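As structure tokens, the structure follows; a few thoughts come after it.
The values are calculated or read from the model by the stated rules, or taken from the named source; none is laboratory data. No experiment lies behind these values; they were computed from the predicted model shown. FYI the Cβ positions are ideal-geometry reconstructions off the backbone, even for glycines, and counts take in every protein chain you see. The protein model used for the area step is the full one, side chains on, heavy atoms only, and it has no ligands, DNA or RNA in it. Shrake-Rupley method; radii C 1.70, N 1.55, O 1.52, S 1.80 Å.
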Amino acid sequence: MQAAQRPCDDDSAWAPWAAQWRLREDTLYLNHGSFGPPPDPVRQARAAWQARLDEQPMDFFVRQLAPAWENARRRLAKFVGTNETNLVFQANATAAMNVVAGSLPLTAGDEVLLTDHEYGAVFRIWERACRRAGAKVQTVTLPLPLESAEQVTAAIVAALTPRTRLVVVSHITSPTAITLPVNAICHAARERGIPVGIDGPHAVAQLDLRLDEIDCDFYTASCHKWLSAPFGSGFLFVHPRWQSHVEPPLLSWGLLSPNKPQAWWEEFFWSGTADPSAFLAIPAAIDFLEQVGLPAFRARTHELARYARRRLVELTGLTPIVPDSAAWYGSMAHVPLPPGDAPQLQRTLWERHKIEVPIVAWNGGRYIRVSCHLYNNTTHIDRLIDALAPLV
Ligand SMILES: Cc1ncc(COP(=O)(O)O)c(C=O)c1O
């Protein structure tokens, strides 16, 4: 096998951007996909909002918050390609998915279809919603290796039944880091009158999201992954055809008294007193990546992920589950490892080498998922390979 080429981009050209993060010196962090730390400008923006809140809470909550919240939402809506009235902030994708599960009318005998690549907590959310209604979660196994978008859509369509009330798919999957063809899936489901909820936390910034073009019914996301917004920032998108069905799980004022909520989203404005600074700093995260240039950000992080993938394949001789193409994966490399104890290997990499990288047990196999953001470089990948070589 040909030795993996280093990415054409020079690491040193990216060093000024990498210097915007305050990561612990003892750690090699290759897990932005689980928890994406914010760069300095985002931390500063959040701190500034917190200061405004702490120094005059009454003025902040009663007079400043509504326009700031709407400005931040407008910016995010433009960034993800939809109208602001289709979006509300949520602390994370999990909270957003719980809103969908709490709002979808399910009755005994109904089915909710998930792929076998979905996030574990999303399975739990739908299992509970189905159990309460006497409905069932069905899982469709996608073929492996994945070779075409048509193959994925066909597998999902074949698993639909007259009882399917919702399809839940990730835009980019968690255990396998693959980009699913959500536009085609939504199109096929809509032709059959079945709504689709997309679990999208990895897609925000990794992909050029155009929510209105996807035409899904629900989209749930976290901004504290690839967008590098503060922890505790996410959103829920609800298509207008569903907005009258959606209810906030935490009922409070909606809009602050004396106003009365009229539109669906107004019920989500106020869910009790909380610190909204993470939401209000989302525009700073968008500004930051726009300054870098989103195409450059995506190209750089994909090149790094591609380098990681190639080096890992050289090491293990094992074939990844998707072709080597930006259509299938973005900023995360996902490669099979020889069989073994996944949690033990992850622990060893941390304890011996201070490398933070997820080793995933999935579908009876063991995989490594390497996240590459702007603070990562080729030397990080080389260090991972050196550490891993004697362990696998
Ligand atoms: C595909 C997917 N869905 C949902 C989540 C949950 O995200 P959060 O913890 O931000 O709610 C994750 C987290 O890693 C994920 O990877």
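Things worth noting here:
- All helices (runs of 4 or more DSSP H) inside the stretch 246-346 with 3 or more residues being in contact with a Pro (Cβ under 8 Å, 6 or more places away or on another chain): 282-292, 294-316
- Members of the stretch 200-232 found to be open to solvent by 10 Å² or more (accessible area, probe 1.4 Å) and among the charged types (D, E, K, R), listed by number: 208, 210, 212, 213, 215, 225
- Residue satisfying condition, being open to solvent by 10 Å² or more (accessible area, probe 1.4 Å), in a loop (DSSP other than H, G, I, E, B) and within 15 Å of the ligand (Cβ to nearest atom), within set 162, 175: 175
- Residue within the stretch 139-147 that is more than 29 Å from residue 321 (Cβ to Cβ), among the charged types (D, E, K, R) and part of a loop (DSSP other than H, G, I, E, B) present: no
- Looking across 89, 79, one residue alone is within 16 Å of the ligand (Cβ to nearest atom) and at pLDDT 95 or above. It is 89.
- Here residue 121 meets each of (1) more than 13 Å from the ligand (Cβ to nearest atom); (2) farther than 21 Å from residue 186 by Cα; (3) open to solvent by 10 Å² or more (accessible area, probe 1.4 Å) with one exception, condition (1).
- Complete set of residues in the stretch 92-113 that are within 11 Å of the ligand (Cβ to nearest atom) and not in a helix (DSSP H, G or I): 92
- Residue count, the stretch 169-194 (criterion: touching a residue at least 60 places away in the same chain (Cβ under 8 Å) and of a type outside the set (Gly, Ala, Ser)): 6
- Failed item, numbered, when residue 127 is tested on (1) without any contact (Cβ under 8 Å) to a residue 12 or more places away in the chain; (2) buried (at least 19 other Cβ atoms within 10 Å of the Cβ); (3) acidic (Asp, Glu): (2)
- Here residue 187 does not qualify as assigned to a loop (DSSP other than H, G, I, E, B) and either within 13 Å of the ligand (Cβ to nearest atom) or of a type outside the set (A, V, I, L, M) (or both).
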